[in-house]
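The values are calculated or read from the model by the stated rules, or taken from the named source; none is laboratory data. A quick note: this is a predicted structure, and the numbers were derived from the prediction, not measured. When we count neighbours, we look across all protein chains shown, and the Cβ atoms used for this are built from the backbone with ideal geometry, even at glycine.
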Amino acid sequence: MKLLVGNKNYSSWSMRPWVMLTHFDIPFEEVMTRFDSFAPDSRFKAAVGALSPAGKVPILVEDDGFAIWDTLAIAEYVAEKFPHKTLWPRDTRRRARARTVCAEMHSGFAALRGAFGMNIEASLPEVGARVLAENAAARADVARIIQLWQDALAESGGPFLFGDYSIADAYFAPVVTRLRTYALPVPADVAAYMERALAAKGTAAWIRDALEEKEFLSFEEDYRTSRD
Ligand SMILES: N[C@@H](CCC(=O)N[C@@H](CS)C(=O)NCC(=O)O)C(=O)O
């Protein structure tokens, strides 16, 4: 299997399946398609458009060329293909709840995504404080994330959202990095979950790679004109 991903510093959707596959020791070949722009005539669109009509990353491509171009669909496909890896919780209700919060993430949190773009190497605490003060929708999204994590951890007992590490933790990994980049205030139990999530194998490996990248993409940077 190949997994097409975008820049590790910026591509939150790419991060999720990469972290999941890496965490669960599922072999894959990474194919990095660096962002130049998302314009129809960009190099990025030419490369990904050859594999997916949606023209976005991530894309999982089987050796025979069969492609899956949506993060949630990739997660489900890999979970089915490697049932012994237990990517979703075993318990039916816990699994349903894990799927529910992944779907909530997949289709929601527009204000959080818009205001707090993933930017792993950056540290933007002043931006975080300003946006939280000025943007009620982003504030509500952050509050919902905190509540969602607290409810899941309380119900499962941790250490991860649904007990053992699952797709749900990979799904929220980019959000953990966002809360860190923008230094958003969180209660102690959530801070402790974030530490565990950042140290988990796949996430730690992705962050290491992201920090090695030296590209500054102005179209991904709402708050800076250069890297520090
Ligand atoms: N629903 C898609 C979203 C993928 C997505 O938006 N990927 C971004 C990179 S993080 C992208 O390729 N954007 C290109 C564009 O918007 O044209 C998924 O779940 O995989």
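Values for this structure:
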quantity	calculated
Filter result for F38 (surrounded by 18 or more Cβ atoms within 10 Å (Cβ to Cβ) and of a type in the set (F, W, Y))	no
Output for segment 130-160, where each listed residue is within 30 Å of S226 (Cβ to Cβ) and either within 19 Å of the chain's Cα centre (by Cα) or among the polar types (S, T, N, Q) (or both)	N135, A138, D141, V142, I145
Hey, E80 over 25 Å from L21 (Cα atoms) and either at pLDDT below 95 or loosely packed, with under 13 Cβ neighbours inside 10 Å (or both) or not	no
Test for A183: is it of a type outside the set (K, R) and part of a helix (DSSP H, G or I)	no
Y182 touching a Phe, Trp or Tyr at 6+ places or on another chain (Cβ under 6 Å), of a type outside the set (K, R) and either within 18 Å of G117 (Cβ to Cβ) or surrounded by fewer than 23 Cβ atoms within 10 Å (Cβ to Cβ) (or both)	yes
Selection from segment 21-79 of residues that are of a type in the set (G, A, S) and touching a Gly at 6+ places or on another chain (Cβ under 7 Å)	G49, G55
Selection within segment 1-34 - free of Cβ contacts under 8 Å to residues at least 40 places away in the same chain, more than 11 Å from the ligand (Cβ to nearest atom) and under 14 Å from I59 (Cα atoms)	F28, E29, E30, V31, M32
Single unsatisfied condition, Q150 versus (1) part of a helix (DSSP H, G or I); (2) surrounded by fewer than 15 Cβ atoms within 10 Å (Cβ to Cβ); (3) touching a residue at least 12 places away in the same chain (Cβ under 8 Å)	(2)
Of all residues making up segment 153-174, the number that are buried (at least 17 other Cβ atoms within 10 Å of the Cβ) and charged (D, E, K, R)	1
Pairs where the first residue, in segment 52-66, is under 12 Å from K2 (Cβ atoms) and the second is in a loop (DSSP other than H, G, I, E, B) and near the ligand (Cβ under 10 Å from one of its atoms), C-beta under 6 Å, 6+ apart	V57/G6; I59/S52; I59/W69
Test: residue in segment 112-129 that is of a type outside the set (D, E, K, R), within 16 Å of the chain's Cα centre (by Cα) and exposed (fewer than 14 other Cβ atoms within 10 Å of the Cβ)	no
Neighbours by Cβ (under 7 Å, 6+ apart or cross-chain): first from segment 177-197, in contact (Cβ under 8 Å) with a residue 12 or more places away in the chain and closer than 16 Å to I207 by Cβ; second among the acidic types (D, E) and part of a helix (DSSP H, G or I)	A197/D169
Listing of helices (runs of 4 or more DSSP H) fully contained in segment 45-121 that carry 1 or more residues being within 15 Å of the ligand (Cβ to nearest atom) and either hydroxyl-bearing (S, T, Y) or farther than 24 Å from W206 by Cα (or both)	71-81, 92-107
